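Student: I have a structure I would like to understand better, so I am pasting it below and will then ask my questions one at a time.
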Protein chains: 2
Amino acid sequence: MKSEQLKVLPWSLEITGMDVGQYPFYESILSQGNGYLGVRGFDPAGARENSFDRSVFLAGFFEYIKPGITDMVNAPDLFSLRFGMPCQEISASATLDLRTGLLTRKAVWQMESGERFSLLSRRIVSMHNKHASALEVEIKPLNGDLRIILETGLDGDVTNLPISDDQLTEDTQCKRLLTPVICQANQVGGTLVMESTPSKRRVYQAYRVMTNLPMATTGIVADSYTAVRIEGIIPQGDALVVTKTIATYCYRDQIQDHLAEAIQLADLLAGLGFTGVLKESTQAWGELWESCDIELDGDPELQGAVRYNIFQLLQNNAGTDPYVSIGARGLMHGRYKGNYFWDTEIFMLPFFLYTRPEAAKNLLLYRYHMLTSAREGAKSLGLKGARYPWMSSNTGYEQCETWDTGCCEVHITADVAHAVQEYVRITDDQDFLVHYGTEMLVETARYWVSRLTYNEEADCYNLLFVKGPDEYCGVTTNNTYTNYLVRENLLSAVRAVKFVRQRAEDWAVLQARLKVTAQELEEFEEVADKIIILYDQERGLLLQDELFERMEPLDISAHKLGATALYRTIPYDRLQRYKVIKQADLVLLMTLYPDRFSTKIKQNIWSYYEPLTLHDSSLSFGTHAQLAADLGYEDVAWDYFQKSVFLDLYNIMENTHHEGIHMAALGASWQALVLGMAGLRQGKDGRPLVNPKLPRSIRGLRFSVVMGGSEYDITINQSETKIESLRF
Amino acid sequence: MKSEQLKVLPWSLEITGMDVGQYPFYESILSQGNGYLGVRGFDPAGARENSFDRSVFLAGFFEYIKPGITDMVNAPDLFSLRFGMPCQEISASATLDLRTGLLTRKAVWQMESGERFSLLSRRIVSMHNKHASALEVEIKPLNGDLRIILETGLDGDVTNLPISDDQLTEDTQCKRLLTPVICQANQVGGTLVMESTPSKRRVYQAYRVMTNLPMATTGIVADSYTAVRIEGIIPQGDALVVTKTIATYCYRDQIQDHLAEAIQLADLLAGLGFTGVLKESTQAWGELWESCDIELDGDPELQGAVRYNIFQLLQNNAGTDPYVSIGARGLMHGRYKGNYFWDTEIFMLPFFLYTRPEAAKNLLLYRYHMLTSAREGAKSLGLKGARYPWMSSNTGYEQCETWDTGCCEVHITADVAHAVQEYVRITDDQDFLVHYGTEMLVETARYWVSRLTYNEEADCYNLLFVKGPDEYCGVTTNNTYTNYLVRENLLSAVRAVKFVRQRAEDWAVLQARLKVTAQELEEFEEVADKIIILYDQERGLLLQDELFERMEPLDISAHKLGATALYRTIPYDRLQRYKVIKQADLVLLMTLYPDRFSTKIKQNIWSYYEPLTLHDSSLSFGTHAQLAADLGYEDVAWDYFQKSVFLDLYNIMENTHHEGIHMAALGASWQALVLGMAGLRQGKDGRPLVNPKLPRSIRGLRFSVVMGGSEYDITINQSETKIESLRF
């Protein structure tokens, strides 16, 4: 449901007359980040009920919370602002500028003694320098001179609230993962070094505080809290402006002296001032928007929502870091313990692949770097090759603790392999294929050969005990989505080896590591040939799996009320026997291979499975929009697209407030628009083609894509379609 | 492997030259109990490394260790004996008398100062009065006068070590569940009242200590330890005899003043002396043996083992208590948190049914009393009727925390219904059927109707997402064992209702509660008619389930090495795709309905499934012996029978030392002998029939059974078979 207070404008979100009951929702959608650092959009001066609710996360910073299981560490609150006198907010509004990443918050506060003042806070997590952040606060007395006590610094008194895999259990046990090592403050700033237990991983922070008016300032330190206390009188008609610049480093940064760097950077940023930091960040954002923006001739609110989707994808992506991926809730929420799922490869990665291929490559390199763990993962289950975990953190070992999911949702491995194939196909990055991709494809293919079960009688390979994308189906056999991707995985491994073999030197290096035999390649091909793909000839219908047809029909309209996922009202054990689908399963397969299946087959899949789909996952709407657009079902595509592109802004899943931003939906929305409605494909010449099927409400689109290393500007409007190469 | 130190005699176990490394094994097999109290056979004066290793349990005394999950509470050590001077055991032997339940332990101890003494301890957990226990210790100086300091009393400083469902995880976190409320001692005895957290359940104990020689005695108290300290000199040639009588009550006993009763009983027992307590218990054992003994003309060791099986079944059964069942490891070990499984109904109950039908009835009444929980259990999964939990404690709510087992091993509900049918069939206890059984059958039938999934296309009912007795098969469809028992469950519900209807008054009472409709009965019959029973006509073979035939063959001889269960060497996820069987599945079905299937079908099942069975559960050997005997496979029946009947005595599973006694195997052995080898059946006239197929090594058998309320003496020898009614 759309919030009445929220306005989505072409380049910003505006929230006026903020409603205290909706603060968690605002905090989610106003999140800021730069791929290194993620900060929920909380009010710096706001109440702090729980030490985990003002989340700040650092990409890839995980810590063990029990043997083998990690949580994304909640880092110190770097925008911390505390009043030293009793006062409370009486009204507030906020603006998030998508062009610059600037979050502005205007509020009126009242003191117990009756004085009121306005509080304008502006903050930035720099897109220019991932270690830089800045906060500027302007306080204006509204009814007479104002005696003020204000503290601002770093608050390391934060805990984690690890959430169990079982989405129905609300975990209530906080864990403090960081303890202070250094916590200092003086009149102009301070430093904070905290260390996680048990791995002794550190976060290093320094900050500088400046005021425009002469005020008394003191350094304050308590446990893991460091701040500068500012005291004085602001005369009526005047305004106090406090600027804080913050530098953040952590153990993952390959530098010598993290703390010295942090202190130096905080000073440097102080020199630039808030405006300087903002300017640099705005410039960096400008470059991003140049390659990533989609200009839309249509509803300005939709334009803003499309940009918001892109904005959050960019904010949560580390871009140049090949050792992290993007969590299901990005860097903005601890849900799912910050883990990386197939959400990245299948839903988010295409956006980066077509707009920022280097970022896409780094997302895949994360998986490459986890190959050792994936090999051990396979081995630990008595299998060969490499098996990617359903939930992955910095360790690359399975983080999913529920057996039926962690052990059975095996498609993740084929999803990673699919992303490798897509990356190479669109970028033609042969070096990646040679140095990384082939190894990933061969190792995952080996896994599949050992994971499949040969049936001699029928001379076929079955995939037993699996769960496909439709998680409402229990442990089943031969999920077609999975088997299809497995087949592609096997065949692409063969193709990759054949390709690299042509480069003798590279092949020698790779082969020394891989030791692929001719027999193995034959086996890959044979297994691909004999893997079961369930297809009902008579109905011209791909079947979801072996059990789905035997499920009990459910009157969905009587049970699915509002957005509430059915697993919240029907016990999972019961749900798994109903003929309903949690989220796009075969519909998703159709969007992954849009030109592989006949229109008739796609139509049959749509008309059979779509009515049975509950969309109880945020991964579902965008995919449905994409296939509907592909099939020319304009109205329904439009409807699904709206649900996907406004998913968080309208709190469609009714959980954005306490779960944060749904990253996969952002990517799925982008795919629906660009791959679905604009019909973007790669032509045989490696250049883009479009086949636009825009809904009535979108009169035109303009965006850029990169294919084979070249950038293209694409303009679609009602009269023409133009693809312009930006290269000479 | 048979222990060299252990001799199994017709009426006793004798262990000579006890080996310290084998103490945990001795402690398991020397366990004593009376169905109310279970005590591992530890040395009273022995070392006490962990506070949970001297286990003492009270039937039905469970406490929560986390929300919804209970553990069987480790109660105070009532045989506690401590020397107050440095000394150690240098040799020991023990005898467990099966006729009387007396455990005797003879040891030689040596003091640091060189003096040696013999320590003879005798102890009894009274079968006459379930609250009574006694210990007698005789100390004789061996080389000169002996200055002795000895404490004996109650040691409540005990903890639990809850073991996770996952048998591969060794839990190491102890939990203290009891805290002292009263802990007193004086010169002649003391009292101890302890209370469990969080349910505030109490155990009340009193003890009296007597010595034959004049010694200095003091009461000693520390936290939850109470003892009488005995000090003095035992002259060479003389012997100090210390007698301790102990009375134990708990919150479950419906009496006014538990502690007063305990004190009174401890005094009364002291009056009887050790000999008096032993005499009463021996008498009670005598009565039990009269109805339960199997006299065997053959190997005396086998005779002893058969008696040992019966002895442990009797010791672990509460007999007259309709609110407890028998845990998988009885009252003798905390494994599986003391929970009750299908082990009771399918493996143990037949022994009681044929020998002590009142005890069998009480085991079923436990399930009757859990009906409310079972109804809630069904409801919590969105189902109707009553669903019994895979693991059940005093609460009757599911105690199994692993989803694939707790949710999928649904056959337990049909197993309970099967036991109800068997009980009524053998006893002809119509009152039970009217007042309890019908309700259980109807409510479980209702559960099945809601749990099955109707397939319109094929007009049949499928049981989706289940695990059968073969737990090595993953989550599967239409496990035939389960479906068959479900069908019987449905049909028996209809028969039961039709039977009770004939008794108008009873029917009115029952129907007011049950509200069975004619339509419902029709539905039971229809579902029974249309439930899938997988049968391969061509091969004349019942199929285990829908997936088993498609599993990958495994060279068992290369993988199954010794007794180690395969799940310890092959990851479970891998194991589930091999064509191997953990334990009797369809073979078990053949023994539950020995006269329902043709010999040909039984033979086919044997020849197909037996070679694929790993017997990685102690529930497997006895069942195999039984079917082999039924089929006249004498040698193989003998071989399996040996493995079952000596399972704990020879530590066949190699875990008796750290898991305790395998209760189900005891019952399965009894069934193999009586229902298999002796071929006991109930004739159409309700009287016993036998069709002996004794192996060469058993020349004759003599035992009693009860059918339809009448007792029969059955004698089988090489020349004749005699069935004598003991009624006039």
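The values are calculated or read from the model by the stated rules, or taken from the named source; none is laboratory data. This structure is a prediction, so every number in the text was calculated from the model and none was measured. FYI the Cβ positions are ideal-geometry reconstructions off the backbone, even for glycines, and counts take in every protein chain you see.
Student: Is it the case that residue B:562 is surrounded by fewer than 22 Cβ atoms within 10 Å (Cβ to Cβ) and modelled with pLDDT under 95?
Tutor: The answer is yes for residue B:562.
Student: Further question on the same structure: Can you name the number of the only condition in (1) of a type in the set (Val, Ile, Thr); (2) surrounded by fewer than 24 Cβ atoms within 10 Å (Cβ to Cβ); (3) in contact (Cβ under 8 Å) with a residue 12 or more places away in the chain that residue A:416 fails?
Tutor: Answer for residue A:416: the failing condition is (2).
Student: Go through B:728, B:703, B:641, B:646 for me and flag whichever is aromatic (Phe, Trp, Tyr) and at pLDDT below 95.
Tutor: B:728
Student: Scan the range B:189-219 for residues that are in contact with a Ser or Thr (Cβ under 9 Å, 6 or more places away or on another chain) and either among the hydrophobic types (A, V, I, L, M, F, W, C) or assigned to a strand (DSSP E or B) (or both) and report the count.
Tutor: Total meeting the criteria: 19.
Student: So which residues in the range B:675-714 are more than 25 Å from residue B:633 (Cβ to Cβ) and of a type in the set (Val, Ile, Thr)?
Tutor: B:706
Student: Determine which member of the set B:468, B:474, B:406, B:437 is modelled with pLDDT of 95 or more and more than 30 Å from residue B:709 (Cα to Cα).
Tutor: After ruling out the rest, the residue left standing is B:468.
Student: A further question on this structure: Identify, from the list A:567, A:578, A:609, the residue that is modelled with pLDDT under 95 and under 20 Å from residue A:473 (Cβ atoms).
Tutor: Checking each option against the conditions leaves just A:567.
For every residue, the table says whether it meets (1) away from chain A (no Cβ under 12 Å); (2) assigned to a loop (DSSP other than H, G, I, E, B); (3) under 29 Å from the mean Cα position of the chain (by Cα); (4) hydroxyl-bearing (Ser, Thr, Tyr).
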| residue | (1), (2), (3), (4) |
| --- | --- |
| B:439 | yes, no, yes, no |
| B:442 | yes, no, yes, no |
| B:448 | yes, no, yes, no |
| B:461 | no, no, no, yes |
| B:464 | no, yes, no, no |
| B:469 | yes, yes, yes, no |
| B:474 | no, yes, yes, no |
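Student: Can you name the number of the only condition in (1) among the small types (Gly, Ala, Ser); (2) part of a helix (DSSP H, G or I); (3) closer than 26 Å to residue A:575 by Cα that residue A:676 fails?
Tutor: In the conditions (1) among the small types (Gly, Ala, Ser); (2) part of a helix (DSSP H, G or I); (3) closer than 26 Å to residue A:575 by Cα, residue A:676 misses (3) alone.
Student: Go over the candidates A:113, A:133, A:91 one by one and state the one that is closer than 28 Å to residue A:279 by Cβ and of a type in the set (S, T, N, Q).
Tutor: A:133
Student: Out of the range B:568-586, which residues are within 27 Å of residue B:426 (Cα to Cα) and touching a Phe, Trp or Tyr at 6+ places or on another chain (Cβ under 6 Å)?
Tutor: Answer for the range B:568-586, where residues must be within 27 Å of residue B:426 (Cα to Cα) and touching a Phe, Trp or Tyr at 6+ places or on another chain (Cβ under 6 Å): B:585, B:586.
Student: Next question. Has the range A:333-348 got any residue that is of a type in the set (Asp, Glu), touching a residue at least 12 places away in the same chain (Cβ under 8 Å), in contact with an Asp or Glu (Cβ under 8 Å, 6 or more places away or on another chain) and surrounded by 21 or more Cβ atoms within 10 Å (Cβ to Cβ)?
Tutor: yes
Student: I would also like to ask the following. Could you say which residue among B:501, B:446 is surrounded by fewer than 22 Cβ atoms within 10 Å (Cβ to Cβ) and at negative phi? Show your work before the answer.
Tutor: Numbers: B:446 fails: surrounded by fewer than 22 Cβ atoms within 10 Å (Cβ to Cβ).
Just a single option satisfies the conditions, and that option is B:501.
Student: Report yes if some residue within the range B:574-595 is out of contact with any Asp or Glu (no Cβ under 9 Å at 6 or more places or on another chain), within 14 Å of another protein chain (Cβ to nearest Cβ) and without any contact (Cβ under 8 Å) to a residue 60 or more places away in the chain; otherwise report no.
Tutor: Yes - at least one qualifying residue is present in the range B:574-595.
Student: Are there any pairs with C-beta distances below 7 angstrom linking a residue in the range A:366-379 that is free of Cβ contacts under 8 Å to residues at least 24 places away in the same chain to a residue that is crowded, with 20+ Cβ neighbours inside 10 Å and outside any helix (DSSP H, G or I), with the two at least 6 apart or on different chains, and if so which?
Tutor: Pairs found: A:377/A:387; A:377/A:389; A:377/A:398.
Student: Right, something else. Return the residues of the range B:654-673 that are under 24 Å from residue B:42 (Cβ atoms), outside any loop (DSSP other than H, G, I, E, B) and not hydrophobic (A, V, I, L, M, F, W, C); say none if nothing qualifies.
Tutor: B:656, B:657, B:658, B:659
Student: Out of the residues in the range A:26-36 that are out of contact with any Ser or Thr (no Cβ under 6 Å at 6 or more places or on another chain), not charged (D, E, K, R) and not in a loop (DSSP other than H, G, I, E, B), which is nearest to residue A:304 (Cα to Cα)?
Tutor: So the residue we want is A:29.
Student: Output yes when any residue across the range B:548-566 is within 14 Å of chain A (Cβ to nearest Cβ) and within 28 Å of the chain's Cα centre (by Cα), and no when none is.
Tutor: Yes - at least one qualifying residue is present in the range B:548-566.
Student: Please return the ranges of helices (runs of 4 or more DSSP H) entirely within the range A:352-430 where 1 or more residues are away from chain B (no Cβ under 14 Å), under 18 Å from the mean Cα position of the chain (by Cα) and on the phi < 0 side of the Ramachandran plot.
Tutor: Helices (runs of 4 or more DSSP H) meeting the threshold: A:357-369, A:411-427.
Student: Another question about this same structure. Please specify each residue of the range B:518-537 satisfying the condition of being in contact with a Cys (Cβ under 8 Å, 6 or more places away or on another chain) and crowded, with 17+ Cβ neighbours inside 10 Å.
Tutor: B:531, B:532
Student: Would you say residue A:459 is surrounded by fewer than 24 Cβ atoms within 10 Å (Cβ to Cβ) and on the phi > 0 side of the Ramachandran plot?
Tutor: yes
Student: Within 30 Å of residue A:318 (Cα to Cα), of a type in the set (Val, Ile, Thr) and in the same structural domain as residue A:36 (by TED's automatic domain parsing): does that describe residue A:241?
Tutor: Judged against the criteria, residue A:241 is not a match.
Student: Moving on. Applying the selection to the range B:259-271, what residues are surrounded by 16 or more Cβ atoms within 10 Å (Cβ to Cβ) and among the hydrophobic types (A, V, I, L, M, F, W, C)?
Tutor: B:259, B:262, B:263, B:265, B:266, B:268, B:269, B:270
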